[in-house]
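Below is one structure, written out as C-alpha coordinates, with a few remarks after it.
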Amino acid sequence: MMIRRRFLQLGLAAALILPLAGHTAELKPYRIGYNSWIGYISLFVAQAKGYFKDEGIALETKSFSSPGDGITPLLAGELDAHFTTADSVIIALDKAPGKLKIVYLTDSSYGADAILAKKQFKTMKDLKGKTVAATAGQCNELLLRKALASAGLTPKDIKLVNMNPDDAGTAFAAGKLDAAVTWEPWISKVEGEKKGHVIFSSRQTPSLILDVVAISTKTAETKAKETAAFLRALNRANEFSIKHPKEAAALASKALEQKPAEILGMLPKVKLYNKAANIKQVKTAAAASAKDLAQFFKDVKVNDTVVNTSGLYDLSYLTK
(Lines give C-alpha, C1' and ligand atoms only; values in the text may rest on other atoms or scores of the structure.)
Protein backbone atom coordinates (compact mmCIF):
# COMPACT_ATOMS: atom_id res chain seq x y z
CA MET A 1 0.00 0.00 0.00
CA MET A 2 4.48 -0.42 -1.33
CA ILE A 3 6.00 2.42 0.49
CA ARG A 4 2.38 2.79 0.42
CA ARG A 5 0.30 5.52 -0.87
CA ARG A 6 -0.89 6.29 2.59
CA PHE A 7 0.16 9.79 3.49
CA LEU A 8 -1.04 13.15 2.26
CA GLN A 9 1.74 15.48 1.14
CA LEU A 10 -0.05 18.56 2.33
CA GLY A 11 2.37 19.95 4.83
CA LEU A 12 1.22 17.67 7.62
CA ALA A 13 2.55 18.41 11.05
CA ALA A 14 4.91 15.89 12.55
CA ALA A 15 2.21 14.82 14.97
CA LEU A 16 -1.35 15.33 13.84
CA ILE A 17 -2.82 13.56 16.83
CA LEU A 18 -1.42 14.76 20.10
CA PRO A 19 -0.72 12.19 22.80
CA LEU A 20 -2.99 12.49 25.79
CA ALA A 21 -1.29 14.41 28.55
CA GLY A 22 -1.61 13.71 32.24
CA HIS A 23 -2.68 10.08 32.04
CA THR A 24 -4.90 9.11 34.92
CA ALA A 25 -4.14 6.00 36.96
CA GLU A 26 -7.14 4.22 35.47
CA LEU A 27 -6.04 4.65 31.86
CA LYS A 28 -3.61 2.14 30.40
CA PRO A 29 -1.06 3.48 27.90
CA TYR A 30 -1.17 2.06 24.39
CA ARG A 31 1.39 3.19 21.82
CA ILE A 32 0.47 3.26 18.16
CA GLY A 33 2.12 4.35 14.93
CA TYR A 34 0.18 5.81 12.04
CA ASN A 35 0.39 7.98 8.96
CA SER A 36 -2.25 10.41 7.85
CA TRP A 37 -4.50 8.66 5.39
CA ILE A 38 -8.21 8.88 4.70
CA GLY A 39 -8.65 5.14 5.30
CA TYR A 40 -7.52 5.59 8.91
CA ILE A 41 -10.37 8.00 9.62
CA SER A 42 -11.55 5.75 12.47
CA LEU A 43 -8.37 6.58 14.41
CA PHE A 44 -9.04 10.30 14.18
CA VAL A 45 -12.76 9.94 14.91
CA ALA A 46 -12.19 7.65 17.91
CA GLN A 47 -9.79 10.10 19.44
CA ALA A 48 -12.00 13.11 18.75
CA LYS A 49 -15.01 11.38 20.33
CA GLY A 50 -13.10 9.98 23.31
CA TYR A 51 -13.72 6.33 22.44
CA PHE A 52 -10.25 5.21 23.54
CA LYS A 53 -10.67 6.90 26.90
CA ASP A 54 -14.05 5.20 27.24
CA GLU A 55 -12.23 1.86 26.92
CA GLY A 56 -9.63 2.79 29.53
CA ILE A 57 -6.91 3.47 26.97
CA ALA A 58 -4.50 6.41 27.10
CA LEU A 59 -3.42 6.54 23.48
CA GLU A 60 0.15 7.56 22.69
CA THR A 61 0.80 8.19 19.03
CA LYS A 62 3.75 8.54 16.70
CA SER A 63 3.44 9.82 13.16
CA PHE A 64 5.34 8.25 10.26
CA SER A 65 5.61 9.45 6.69
CA SER A 66 4.62 6.10 5.21
CA PRO A 67 2.94 2.97 6.55
CA GLY A 68 5.99 0.72 6.29
CA ASP A 69 8.13 3.00 8.44
CA GLY A 70 6.57 1.91 11.72
CA ILE A 71 7.16 -1.81 11.22
CA THR A 72 10.69 -1.81 12.66
CA PRO A 73 9.67 0.08 15.83
CA LEU A 74 6.73 -2.31 16.18
CA LEU A 75 9.02 -5.34 15.99
CA ALA A 76 11.40 -3.69 18.46
CA GLY A 77 8.63 -3.25 21.02
CA GLU A 78 8.61 0.55 20.73
CA LEU A 79 5.00 0.45 19.51
CA ASP A 80 2.10 -1.71 20.66
CA ALA A 81 0.29 -1.52 17.31
CA HIS A 82 0.78 0.12 13.96
CA PHE A 83 -1.57 1.35 11.24
CA THR A 84 0.01 0.01 8.09
CA THR A 85 -0.81 -2.05 5.01
CA ALA A 86 -1.12 -5.76 4.40
CA ASP A 87 1.69 -5.65 1.85
CA SER A 88 4.05 -3.92 4.31
CA VAL A 89 3.40 -6.70 6.83
CA ILE A 90 3.99 -9.43 4.24
CA ILE A 91 7.30 -7.85 3.22
CA ALA A 92 8.42 -7.69 6.86
CA LEU A 93 7.43 -11.30 7.56
CA ASP A 94 9.98 -12.54 5.03
CA LYS A 95 12.75 -11.60 7.48
CA ALA A 96 10.68 -11.88 10.67
CA PRO A 97 8.49 -14.95 10.19
CA GLY A 98 5.69 -15.29 12.72
CA LYS A 99 6.52 -12.00 14.44
CA LEU A 100 3.55 -9.96 13.21
CA LYS A 101 -0.21 -10.39 13.03
CA ILE A 102 -2.91 -8.33 11.37
CA VAL A 103 -5.68 -7.82 13.91
CA TYR A 104 -7.99 -5.42 12.09
CA LEU A 105 -8.77 -4.29 8.54
CA THR A 106 -9.56 -0.59 8.56
CA ASP A 107 -10.35 -0.31 4.85
CA SER A 108 -9.49 -1.31 1.32
CA SER A 109 -8.67 1.05 -1.50
CA TYR A 110 -11.67 1.49 -3.75
CA GLY A 111 -10.40 4.05 -6.21
CA ALA A 112 -7.98 5.84 -3.89
CA ASP A 113 -5.10 4.28 -5.87
CA ALA A 114 -5.20 4.63 -9.62
CA ILE A 115 -3.37 4.90 -12.90
CA LEU A 116 -3.65 8.41 -14.28
CA ALA A 117 -3.16 8.87 -18.01
CA LYS A 118 -3.11 11.79 -20.41
CA LYS A 119 -6.46 12.45 -22.01
CA GLN A 120 -5.46 11.06 -25.41
CA PHE A 121 -4.97 7.59 -23.90
CA LYS A 122 -8.43 6.09 -23.48
CA THR A 123 -7.60 2.50 -22.51
CA MET A 124 -4.69 0.54 -21.06
CA LYS A 125 -3.91 -0.76 -24.56
CA ASP A 126 -3.15 2.81 -25.59
CA LEU A 127 -0.24 2.86 -23.13
CA LYS A 128 1.81 0.38 -25.15
CA GLY A 129 5.25 1.89 -25.67
CA LYS A 130 4.48 4.82 -23.37
CA THR A 131 6.27 6.09 -20.25
CA VAL A 132 4.55 5.00 -17.06
CA ALA A 133 5.71 5.62 -13.48
CA ALA A 134 5.16 3.18 -10.61
CA THR A 135 6.98 2.16 -7.44
CA ALA A 136 9.02 -0.88 -8.43
CA GLY A 137 8.55 -3.92 -6.22
CA GLN A 138 5.67 -2.39 -4.31
CA CYS A 139 1.92 -2.80 -4.30
CA ASN A 140 1.21 -0.14 -6.89
CA GLU A 141 3.42 -2.03 -9.35
CA LEU A 142 1.16 -5.01 -8.80
CA LEU A 143 -1.85 -2.78 -9.51
CA LEU A 144 -0.14 -1.73 -12.75
CA ARG A 145 0.60 -5.34 -13.70
CA LYS A 146 -3.02 -6.31 -13.19
CA ALA A 147 -4.14 -3.35 -15.28
CA LEU A 148 -1.73 -4.27 -18.07
CA ALA A 149 -2.82 -7.91 -17.97
CA SER A 150 -6.44 -6.83 -18.37
CA ALA A 151 -5.40 -5.32 -21.70
CA GLY A 152 -3.22 -8.25 -22.78
CA LEU A 153 0.00 -6.37 -22.02
CA THR A 154 3.02 -6.97 -19.77
CA PRO A 155 5.51 -4.58 -18.11
CA LYS A 156 7.78 -5.16 -21.13
CA ASP A 157 5.23 -3.37 -23.31
CA ILE A 158 5.75 -0.03 -21.53
CA LYS A 159 8.63 2.19 -20.48
CA LEU A 160 8.48 1.74 -16.72
CA VAL A 161 9.96 4.49 -14.54
CA ASN A 162 10.52 3.81 -10.83
CA MET A 163 8.92 6.57 -8.73
CA ASN A 164 7.10 6.69 -5.43
CA PRO A 165 3.39 7.61 -5.72
CA ASP A 166 3.79 11.25 -4.69
CA ASP A 167 6.71 11.89 -7.05
CA ALA A 168 4.76 10.14 -9.79
CA GLY A 169 1.75 12.34 -9.12
CA THR A 170 3.91 15.46 -9.18
CA ALA A 171 5.64 14.45 -12.42
CA PHE A 172 2.38 13.53 -14.10
CA ALA A 173 0.72 16.79 -13.10
CA ALA A 174 3.73 18.59 -14.60
CA GLY A 175 3.21 16.78 -17.91
CA LYS A 176 6.41 14.73 -17.68
CA LEU A 177 4.78 11.28 -17.92
CA ASP A 178 2.26 9.57 -20.15
CA ALA A 179 0.76 7.78 -17.15
CA ALA A 180 1.44 7.29 -13.45
CA VAL A 181 0.37 5.00 -10.64
CA THR A 182 -0.45 7.29 -7.75
CA TRP A 183 -2.94 7.88 -4.95
CA GLU A 184 -5.03 10.52 -3.27
CA PRO A 185 -4.88 13.48 -3.18
CA TRP A 186 -3.15 13.44 -6.57
CA ILE A 187 -6.04 11.67 -8.26
CA SER A 188 -8.54 14.34 -7.23
CA LYS A 189 -6.05 17.10 -7.94
CA VAL A 190 -5.25 15.95 -11.48
CA GLU A 191 -8.87 15.27 -12.37
CA GLY A 192 -9.97 18.56 -10.82
CA GLU A 193 -7.42 20.48 -12.87
CA LYS A 194 -8.34 18.40 -15.96
CA LYS A 195 -4.71 17.40 -16.52
CA GLY A 196 -5.55 13.73 -17.01
CA HIS A 197 -8.00 11.01 -16.12
CA VAL A 198 -8.19 7.67 -14.33
CA ILE A 199 -7.62 4.85 -16.77
CA PHE A 200 -7.61 2.03 -14.16
CA SER A 201 -8.09 2.04 -10.40
CA SER A 202 -8.15 -0.11 -7.30
CA ARG A 203 -11.94 -0.15 -7.65
CA GLN A 204 -11.29 -2.81 -10.31
CA THR A 205 -9.12 -4.88 -7.94
CA PRO A 206 -11.12 -5.14 -4.71
CA SER A 207 -9.11 -6.07 -1.60
CA LEU A 208 -5.76 -5.85 -3.36
CA ILE A 209 -4.69 -2.81 -1.36
CA LEU A 210 -5.64 -3.21 2.29
CA ASP A 211 -5.03 -0.89 5.24
CA VAL A 212 -4.69 -2.72 8.52
CA VAL A 213 -3.70 -2.64 12.17
CA ALA A 214 -0.76 -4.91 12.97
CA ILE A 215 0.69 -6.03 16.28
CA SER A 216 3.85 -7.92 17.20
CA THR A 217 4.20 -11.12 19.19
CA LYS A 218 5.43 -8.98 22.08
CA THR A 219 2.17 -7.03 22.09
CA ALA A 220 0.23 -10.27 21.93
CA GLU A 221 2.08 -11.54 24.99
CA THR A 222 1.98 -8.40 27.12
CA LYS A 223 -1.00 -6.28 26.04
CA ALA A 224 -3.77 -8.61 24.91
CA LYS A 225 -6.48 -6.88 26.98
CA GLU A 226 -5.37 -3.42 25.91
CA THR A 227 -5.36 -4.51 22.27
CA ALA A 228 -8.92 -5.79 22.55
CA ALA A 229 -10.00 -2.51 24.19
CA PHE A 230 -8.20 -0.48 21.53
CA LEU A 231 -9.91 -2.40 18.74
CA ARG A 232 -13.34 -2.03 20.34
CA ALA A 233 -12.90 1.73 20.28
CA LEU A 234 -11.53 1.70 16.76
CA ASN A 235 -14.32 -0.46 15.41
CA ARG A 236 -16.89 1.76 17.12
CA ALA A 237 -15.40 4.73 15.27
CA ASN A 238 -15.34 2.89 11.94
CA GLU A 239 -19.02 2.01 12.35
CA PHE A 240 -19.75 5.65 13.16
CA SER A 241 -17.84 6.77 10.07
CA ILE A 242 -19.73 4.34 7.84
CA LYS A 243 -23.11 5.51 9.16
CA HIS A 244 -22.28 9.21 9.52
CA PRO A 245 -19.64 10.13 6.91
CA LYS A 246 -20.38 13.85 7.03
CA GLU A 247 -19.91 14.04 10.79
CA ALA A 248 -16.82 11.83 10.59
CA ALA A 249 -15.29 14.10 7.95
CA ALA A 250 -15.80 17.10 10.21
CA LEU A 251 -14.23 15.31 13.18
CA ALA A 252 -11.18 14.22 11.14
CA SER A 253 -10.72 17.54 9.38
CA LYS A 254 -8.12 18.97 11.76
CA ALA A 255 -6.02 15.81 11.89
CA LEU A 256 -6.00 15.37 8.11
CA GLU A 257 -5.56 19.12 7.46
CA GLN A 258 -8.32 18.96 4.88
CA LYS A 259 -11.67 20.69 4.67
CA PRO A 260 -14.58 18.44 5.68
CA ALA A 261 -15.98 18.63 2.14
CA GLU A 262 -12.67 17.45 0.71
CA ILE A 263 -12.55 14.50 3.12
CA LEU A 264 -16.16 13.66 2.32
CA GLY A 265 -15.24 13.63 -1.37
CA MET A 266 -12.42 11.14 -0.80
CA LEU A 267 -14.28 8.77 1.53
CA PRO A 268 -16.10 6.88 -1.27
CA LYS A 269 -12.68 5.91 -2.63
CA VAL A 270 -12.00 3.71 0.39
CA LYS A 271 -14.22 0.92 1.65
CA LEU A 272 -14.35 1.03 5.45
CA TYR A 273 -14.72 -2.26 7.32
CA ASN A 274 -16.59 -2.85 10.55
CA LYS A 275 -16.37 -6.00 12.67
CA ALA A 276 -18.74 -8.03 10.48
CA ALA A 277 -16.90 -7.01 7.30
CA ASN A 278 -13.56 -7.91 8.91
CA ILE A 279 -14.75 -11.42 9.66
CA LYS A 280 -16.04 -11.87 6.13
CA GLN A 281 -12.96 -10.41 4.42
CA VAL A 282 -10.36 -12.51 6.22
CA LYS A 283 -12.17 -15.65 5.13
CA THR A 284 -12.48 -14.61 1.49
CA ALA A 285 -10.99 -11.71 -0.48
CA ALA A 286 -8.36 -10.60 2.03
CA ALA A 287 -6.99 -14.13 2.33
CA ALA A 288 -6.75 -14.49 -1.44
CA SER A 289 -5.11 -11.08 -1.78
CA ALA A 290 -2.47 -11.95 0.82
CA LYS A 291 -1.44 -15.03 -1.15
CA ASP A 292 -1.30 -12.95 -4.32
CA LEU A 293 0.94 -10.37 -2.64
CA ALA A 294 3.23 -13.00 -1.14
CA GLN A 295 3.82 -14.55 -4.55
CA PHE A 296 4.33 -11.16 -6.20
CA PHE A 297 7.00 -10.07 -3.70
CA LYS A 298 8.88 -13.33 -4.28
CA ASP A 299 8.58 -12.99 -8.06
CA VAL A 300 10.02 -9.45 -8.09
CA LYS A 301 12.72 -10.45 -5.56
CA VAL A 302 11.57 -8.10 -2.81
CA ASN A 303 11.22 -11.19 -0.58
CA ASP A 304 13.45 -14.24 -0.55
CA THR A 305 10.53 -16.55 0.16
CA VAL A 306 6.85 -16.88 -0.57
CA VAL A 307 5.59 -15.83 2.85
CA ASN A 308 3.10 -18.24 4.40
CA THR A 309 -0.01 -16.10 4.91
CA SER A 310 -2.24 -18.79 6.40
CA GLY A 311 -1.85 -17.31 9.89
CA LEU A 312 -1.57 -13.67 8.87
CA TYR A 313 -4.94 -12.56 10.21
CA ASP A 314 -5.92 -12.90 13.86
CA LEU A 315 -9.32 -11.42 14.70
CA SER A 316 -9.48 -12.94 18.16
CA TYR A 317 -8.89 -9.53 19.77
CA LEU A 318 -11.74 -8.01 17.81
CA THR A 319 -14.17 -10.72 18.77
CA LYS A 320 -13.44 -10.67 22.51
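The values are calculated or read from the model by the stated rules, or taken from the named source; none is laboratory data. All figures in this text were calculated on a predicted structure; none of them were measured in a lab. Cβ: placed from backbone, ideal geometry, glycine included. Neighbour counts: every protein chain shown.
For this structure, a couple of remarks:
- Every listed requirement among (1) modelled with pLDDT of 95 or more; (2) buried (at least 21 other Cβ atoms within 10 Å of the Cβ); (3) in the same structural domain as ALA86 (by TED's automatic domain parsing) is met by MET266 save one, (1).
- Against the test of being in a helix (DSSP H, G or I) and either touching a helix residue (DSSP H, G or I) at 6+ places or on another chain (Cβ under 7 Å) or more than 23 Å from ILE90 (Cα to Cα) (or both), the options SER207, SER241 yield a single qualifying residue, SER241.
- Residue match in region 116-124 (condition: of a type in the set (A, V, I, L, M, F, W, C) and surrounded by fewer than 16 Cβ atoms within 10 Å (Cβ to Cβ)): no
- In region 30-63, the residues that are in a loop (DSSP other than H, G, I, E, B), among the small types (Gly, Ala, Ser) and at pLDDT 95 or above: GLY50, GLY56
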